[in-house]
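Let me begin by presenting the structure, written as structure tokens, before commenting on it.
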Amino acid sequence: MSLAGISGMRAAGGDLIDTARSLNEGEWQSPSAAAGWSVQDVVSHVGCLLELLQAAVRGEAVPDSGIERLNEVTVAGRRDWDTARTLNNVEKQLDQAITLFIPLQEAPMASVESPMLDLGTYPLHAIADMFTFDMTTHLRYDILAPRGPIDRHLPTLDEARLGPSVSWLLGGIPKMQPNLAAHLTAPLALHLTGPGARNVLIRAQAGVISVDPLRSPDDAAATLTSTTCDLLAWSTTRLPWSTLVTIEGDQSAAAAFLDAINLI
């Protein structure tokens, strides 16, 4: 294993915190592109999730609830916090989480499998990848323009942020949606370009999806091509795949899968 996920967490967390520090009160309260959440709610959610996963890693009891419902409940419970308290908590939780998660990147802990609520079971080292993805995606697609309400300029996403984010999403394809295999009617090649580029084969056998390195394009009924940055948007249904993915080969098989995918 490597510390790429930890580096990604630091980078993505720094982006989020720096942006949050620049917000005025009106911007904090602006409706974000995450339905029903303000910009402050989105930032608050990051702090809540960092707390939750730290508690789980320490072996403490966590609520027995689906991730989406849990997110709503925890964010609602902190809507009376002022912006300073919200931001201070995110900074505190991020520092504590990085310290706690670093040992999870090395053997033997890195490969220990652990359930993450209703998202499936993952090796512990993937927690850092998840947070890199979560903070990057919320900031770039829910807070910042053009999809979100806040106009700030950030550098183009790089390997440090996209590599772990892509790893989390590809790892989630077989696990997050139990019924997704029914929509994967033929093997599909996914060709991801840009920082964190990957070439993988996605296929289903006996109702179980696998995502493996692509050995030959001939193994796939269709090839889906996208940038890694765009993957964060279309695989989470923040933006339509039809404008971001090109398809070569079996259009119907590709569309059936792309219409069904909705990762978290």
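Quick look at the numbers
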| read-out | value |
| --- | --- |
| Relative contact order of the stretch 51-158, pairs being alpha-carbon contacts under 8 Å that are 6 or more residues apart, as % | 17 percent |
| Relative packing of peptides 67-80, 30-43 - highest average C-beta neighbours within 10 Å first | 30-43, 67-80 |
| Inter-site label distance for R147 and T246 at 7 Å from Cα along Cβ, in nm | 2.2 nm |
| Spacing of the two label points (7 Å from each Cα toward its C-beta) at I102 and W81, in nm | 2.4 nm |
| Interchain or long-range residues, amide H under 5 Å from S114's placed H | Y122, L124 |
| Within the chain, helix-based [θ] at 222 nm, where runs of 4 or more DSSP H residues each add -39,500 (n - 2.57), nearest 500 | -13500 deg cm²/dmol |
| Surface share of carbon and sulfur [accessible, 1.4 angstrom probe, percent] for the stretch 50-139 | 54 percent |
| Segments 212-224, 103-115, 127-139, 246-258 sorted - mean Cβ within 10 Å per residue, highest first | 127-139, 246-258, 212-224, 103-115 |
| Taking the chain and dividing mean pair separation by its residue count, relative contact order in percent (alpha carbons under 8 Å, at least six apart) | 18 percent |
| Rounded to whole Hz, the Karplus (6.51, -1.76, 1.60) HN-Hα couplings of the stretch 112-122, x for glycine and proline | 5, 8, 9, x, 10, 6, 9, 8, x, 10, 9 |
| Overall Cα dimensions of the stretch 140-223, principal axis frame, Å, largest first | 46, 26, 20 |
| For G148, distant residues with modelled amide H under 5 Å away | none |
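The values are calculated or read from the model by the stated rules, or taken from the named source; none is laboratory data. Here the structure is a predicted model, which is why all the values come from computation and not from measurement. We place every Cβ from the backbone using ideal geometry, glycine too, and count neighbours over all the protein chains shown. Keep in mind that these areas ignore ligands, DNA and RNA; they rest on the heavy atoms of the full protein, side chains included. Shrake-Rupley method; radii C 1.70, N 1.55, O 1.52, S 1.80 Å.
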